[in-house]
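The values are calculated or read from the model by the stated rules, or taken from the named source; none is laboratory data. This is a predicted model, so every value here is computed, not measured. Here the Cβ is made from the backbone with ideal geometry for all residues, glycine too, and neighbour counts use every protein chain on show. The area values use the complete protein model at the heavy-atom level, side chains included, leaving out ligands, DNA and RNA. Shrake-Rupley method; radii C 1.70, N 1.55, O 1.52, S 1.80 Å.
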Amino acid sequence: MAAVQETIDRVRSIDVDQYKYGFITDIESEKAPKGLNEDIIRFISAKKNEPEWMLEWRLEAYRRWLTMTEPTWARVEYPKIDFNDIYYYAAPKSAPGPKSLDEVDPELLRTYEKLGIPLREQEILAGVEPKSRVAVDAVFDSVSVVTTFKEELKKAGVIFCSISEALREHPELVRKYIGSVVPVTDNFYATLNSAVFTDGSFVYVPEGVRCPMELSTYFRINEKNTGQFERTLIIAEKGAYVSYLEGCTAPQRDENQLHAAVVELIALDDAEIKYSTVQNWFPGDKEGKGGIYNFVTKRGDCRGKNSKISWTQVETGSAITWKYPSCILRGDNSRGEFYSIAVSNGYQQIDSGTKMIHLGKNTSSRIISKGISAGKSQNTYRGLVSAHRKASNARNFTQCDSLLIGQDCGAHTVPYIESKNATAVFEHEATTSKISDDQMFYCQQRGLSDEEAVALIVNGFVKDVIQQLPMEFAVEAQKLISISLEGSVG
Amino acid sequence: MLEIKNLHARIAEDGTEILRGIDLVVKPGEVHAIMGPNGSGKSTLSYILAGKDDYEVTEGDIVYNGQSLLDLAPDERAAAGVFLAFQYPIEIPGVATMTFLKTALNAQRKARGEDELSTPEFMKRVKEKSAELQITMDMLKRPLNVGFSGGEKKRAEILQMALLQPSLCVLDETDSGLDIDALKVVSDGVNRLRGPDRSFVVITHYQRLLDHIVPDVVHVLSKGRIVKTGGPELALELEQKGYADFVDAAA
């Protein structure tokens, strides 16, 4: 109830079409020369003091990538990307690697303060109960600038650091797991990422440990013409539990910028990983100019029996979103979940969904997708549910709901279902609705303004998914959705 | 006080004329019933009072407490005290009835420059009014009107009316879809709200609602005009003779 009121207050207090994270941090940065070749990859690898095998891995990916072509099957349209017109590495000069907070450039601290991200450990997220703390890894362009609560997490045995640091400090763990869920050759963007990834988070939760706090990574693109190639790897050992959240913003710029991430999750026997995303990259302006191209490969491997991986995403930003957080249900009795709210407004294009690959016995999955389209946007749900021959008793429930606001937007649902096992039971439900004039009039008759009415109806529509978010972020997500739909009525 | 002056209105989309010169004055504390056959313009009148933009007023005015309602948006009319109990209440999926009540009440209070109600005070009021209408807490947790029975929907409308405390209540065929018991609960709810400062416009097909909510004045609407006005006895006469005589008179 409070959240609804808060949403309304927020909607009231802001101007139409304000992307409030659109500011630029004026900070000197060090960049690799523009363009992509083997030297650039060597440069990145050297910058990060990586082990030799990592460089080889990257180069192999790069050579492979050169033979690949961009996928065109998604329902998104954009001019051809010139991959040689991008900077692949940019780092604030003063912050070559993670260090203690005292050494971090004050300008960067101010940036995160402005974004509402608490980096000082005594601070807490605005509006959150004093007791709940969140460890943050802050990635600025190509580098992680700081990771908080590391010491405390270490006591519990949890490793939480940037992937660059993990490559130096825990190379054996990285080597064992990187590319084991999303192979180097997986797809065009994943292969590109494997060649040029710059930073991201690494989480390792040892056997039987329940991670004592929420972990989160906050990605910020600041530099012009720079791509961000994030690589995140999360491993939950037997019986471990971790909840992780990522957030993303970028300045308002006229040109399009590329964000091509790879996220790999590995859950061993009885482990559980909950991964939440609040994606708010710059979506482009009112005319559809600028904005982030968000081409992301996220996949979780329920490798152990009784393991569970749950993806929750709130996607409101980016000019183009191409993203399918998936679960490979390898372990017997494993479970995959995908909860998604995808909001598109203006000229945004979203092609997003999930894949649930049932391999083990008695595996189950659940997909709840809520798409909201407004303005001139196009919003596609694309999902695959498949059962392997040996996946006896596989179960899936899918629910895809689309809500249209206005006349010029589109909602599309493209489900693929493949079952090679006769005992599998897959259910699919889909609805498309509009915020009807009657609903609007009814709410207005009770005293709600246009925007209050839309906020209320949309909140009702996304409720099932919002409930899946960690509480600290549910209110934030609700606000974000309302803001994204600003100016969509009338 | 509500004054409807020579009101002409048509459907915005195709220009079909529905109201052809309605004159009506409803004083504070009065209950006016508007009866008439299907297609006479009863529901249209209620929508126009509330400001639905499917209709276009081509002539005349609606003045409420000295202010023309035609210049006000639906939410502004609501804040000014106009309440419409819908014939077919609209479903709002995912929004708990309780949430809706609080959002609406606070939106109106805000629009009037009043403070929001504290949660305990709000709960107190909801509990009291709900009990009178035999509405359970369980029902208030369900999404508004979604899966509600006909009776539940109408009781929820009256609950909103009781909470929002409007000064002009327009009831559009509130009796439709109600069995005798539900009709009694709903009518009692309406009667409890009757008072010297509150006016009612009760739109109905049937006399039976007026047995419970006894009007001060009864109007017969036909082809977009009021063709006869009388006391409560007029409703009884209609019940016996049907609308045919009046419809012919208007032709």
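Numbers for the structure displayed
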{"read-out": "Loop sites in segment A:396-490: trypsin sites (Lys or Arg not before Pro), DSSP, at most 16 other Cβ within 10 Å", "value": "A:Lys420"}
{"read-out": "Rounded to whole Hz, the Karplus (6.51, -1.76, 1.60) HN-Hα couplings of segment A:313-318, x for glycine and proline", "value": "9, 10, 10, 10, x, 6"}
{"read-out": "Built amide H within the under 5 Å cut-off of A:Val146, gap 5+", "value": "A:Ala138"}
{"read-out": "Mean separation of Cα contacts under 8 Å, 6 or more apart, over the residue count of chain A: relative contact order %", "value": "12"}
{"read-out": "For segment A:101-484, fraction of C-alpha pairs farther apart than 34 Å, in %", "value": "25"}
{"read-out": "Cα pair distances of chain B binned at 5 Å [whole percent]", "value": "1, 6, 13, 17, 20, 17, 13, 8, 4, 1, 0, 0"}
{"read-out": "Karplus-derived HN-Hα couplings along segment A:167-177 (A = 6.51, B = -1.76, C = 1.60, θ = phi - 60°), whole Hz, x at Gly and Pro", "value": "5, 7, 8, 10, x, 5, 5, 4, 4, 5, 10"}
{"read-out": "DSSP bridge orientation in chain B - percent antiparallel, rounded to nearest 5", "value": "55"}
{"read-out": "Other-chain or far-sequence residues with amide H under 5 Å of B:Arg198's (modelled H)", "value": "B:Gly29"}
{"read-out": "Whole-angstrom gap from segment B:189-247 to segment B:102-153, using each part's C-alpha centre", "value": "29"}
{"read-out": "Long-range Cα-Cα pairs in segment B:17-117 (distance over 16 Å), rounded percent", "value": "66"}
{"read-out": "Relative compactness, segment B:118-201, computed as alpha-carbon Rg over 2.2 N^0.38 Å", "value": "1.07"}
{"read-out": "Whole-number percent relative contact order across segment A:391-490, with pairs defined as alpha carbons under 8 Å at least 6 apart", "value": "29"}
{"read-out": "Residue-by-residue Karplus 3J(HN,Hα) for segment B:72-77, coefficients 6.51, -1.76, 1.60, Hz, glycine and proline x", "value": "9, 6, x, 5, 6, 5"}
{"read-out": "Alpha-carbon centroids, segment B:156-180 and segment A:25-39: separation in whole Å", "value": "67"}
{"read-out": "Helix-only [θ]222 nm of chain A, DSSP H runs n ≥ 4, -39500 (n - 2.57) each, per residue, nearest 500", "value": "-7000 deg cm²/dmol"}
{"read-out": "Built amide H within the under 5 Å cut-off of A:Phe397, gap 5+", "value": "A:Ser365, A:Arg366, A:Ile367, A:Glu427"}
{"read-out": "Residues in segment A:213-250 reached by a label modelled at A:Glu28 [backbone nitrogen below 20 Å; 7 Å Cα→Cβ]", "value": "A:222-224"}
{"read-out": "Percent carbon-and-sulfur accessible area, segment B:104-251, ignoring ligands, DNA and RNA, probe 1.4 Å", "value": "51"}
{"read-out": "Euclidean distance of C-alpha centroids, segment A:390-460 and segment A:149-213, integer Å", "value": "35"}
{"read-out": "Alpha carbon convex hull of segment B:1-49, volume per residue in cubic angstrom", "value": "76"}
{"read-out": "Antiparallel bridge percentage (DSSP; both residues within the protein assembly as shown; nearest 5)", "value": "20"}
{"read-out": "Global size of segment A:267-326 as Cα Rg and Dmax, reported in angstrom", "value": "15.2, 50"}
{"read-out": "Taking chain B and dividing mean pair separation by its residue count, relative contact order in percent (alpha carbons under 8 Å, at least six apart)", "value": "28"}
{"read-out": "Cα gyration tensor shape of the protein assembly as shown, rounded if a/c is under 1.5, else prolate or oblate by comparing a/b with b/c", "value": "prolate"}
{"read-out": "Within segment A:101-484, percent of DSSP bridges classed antiparallel, to nearest 5", "value": "5"}
